[in-house]
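J.: First the structure, then my questions, so here it is.
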């Protein structure tokens, strides 16, 4: 098994892209669909978590955070940013949101504040490796409010740039009344 290495340079970031895998970069609608799947997973996992058992919340929080990251990636791709630039952001949700804001995504102050708090508390990292920190995070309602806002607002741009893409919306999103 090859040893892993930290990504510390532009050259290393490039090595992780399609040039290495032999596959083309995915499109904004494809990344959006992937985000929809992670969102559906977050909702399903939330349903199986236990209210007062913080550890049981780690899986859905990880899926929700990753879904937010993917929605923002899809928005940035649809707005014309290239994959290489997006990969350089690593998992920084605030940097993604700020860049998306420059490209026209308008998020509520509360949502931006939540993304900042997620980065300051290193929630994305903590849910993977430090589950004891879960008790310090905002309630599930705030996480799902952030996820829903980012998903809905991203969907509008994806639909506008990809034409009629209602067929791209997952059955789960359609059941919830959220179509593009």
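J.: Quick one: plug the Kirkwood hydrodynamic radius of the stretch 25-175 (C-alpha pairs) into Stokes-Einstein at 37 °C, 0.692 mPa s, and report D in µm²/s.
T.: Value of D from the Cα-based Kirkwood radius: 211 µm²/s.
J.: Compute the Rg/Rh shape ratio of the stretch 32-72: radius of gyration over Kirkwood radius, all on alpha-carbon atoms.
T.: My calculation puts Rg/Rh at 1.03.
J.: Further question: Using alpha carbon coordinates only, what is the Rg to Rh ratio of the stretch 59-127, with Rh defined as the Kirkwood radius?
T.: That ratio equals 0.95.
Any read-out appearing in this document is the output of simple, stated calculations on the displayed coordinates, not a laboratory observation. The model shown is predicted, which means the values in this text are computed figures rather than measured ones.
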